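Q: My questions all concern the structure below.
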Amino acid sequence: MRFQATGGGDVKMLRRKPTRLELKLDDTEEFESVKKELESRKKQREEVDVVGVATSTEMSGASAGGTDGKTREQMIHERIGYKPHPKPNTLPSLFGNLQF
């Protein structure tokens, strides 16, 4: 933006001509090729994720003798050590064993 001061302290913004954008055939072809490449990568990732989940459940089933009815979320929580159960709000749990 450009501003031009006019007499009397008023500021007026100068207007420029709009920029012309041209879309060429090469541009659309390049866009389509990039789009197809991204879609194929996404499909490959989804296939790997599905196969990876299947093999990990098979491996955990073979080593543990079954999933014991655990959901995927529970298995993840167990693996990373996350315990979503809140601790009770009792004084010893809040302040520890402080002795005065």
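Q: Which of the lysines could a cross-linker bridge to residue 83, judged by Cα under 23 Å and excluding same-chain residues fewer than eight apart?
A: Output for residue 83: 70.
Q: I've got another one for you. Taking 35 Å as R0, compute the FRET efficiency from the Cβ-Cβ separation of residue 85 and residue 50 and round it to 0.05.
A: Once the sixth-power term is evaluated, E becomes 0.70.
Q: Work through the residues other than residue 36 whose Cβ is under 14 Å from its Cβ and net out their charges, Lys, Arg +1 and Asp, Glu -1.
A: -1
Q: A further question on this structure: Between residue 70 and residue 11, 0.36 nm times their residue separation minus their Cα-Cα distance comes to what?
A: 14.3 nm
Q: Another question about this same structure. At 0.36 nm per residue, and after removing the present C-alpha to C-alpha distance, how many nm does the segment from residue 40 to residue 28 gain when stretched out fully? Walk me through the numbers before you get to the answer.
A: Details: separation 12, 0.36 × 12 = 4.32 nm, distance 1.83 nm.
2.5 nm is the gain from fully extending residue 40 to residue 28.
Every number here is computed from the coordinates shown, using simple stated rules; none is lab data. Predicted model, so just to flag it, every value in this text is computed and none were measured. Here the Cβ is made from the backbone with ideal geometry for all residues, glycine too, and neighbour counts use every protein chain on show.
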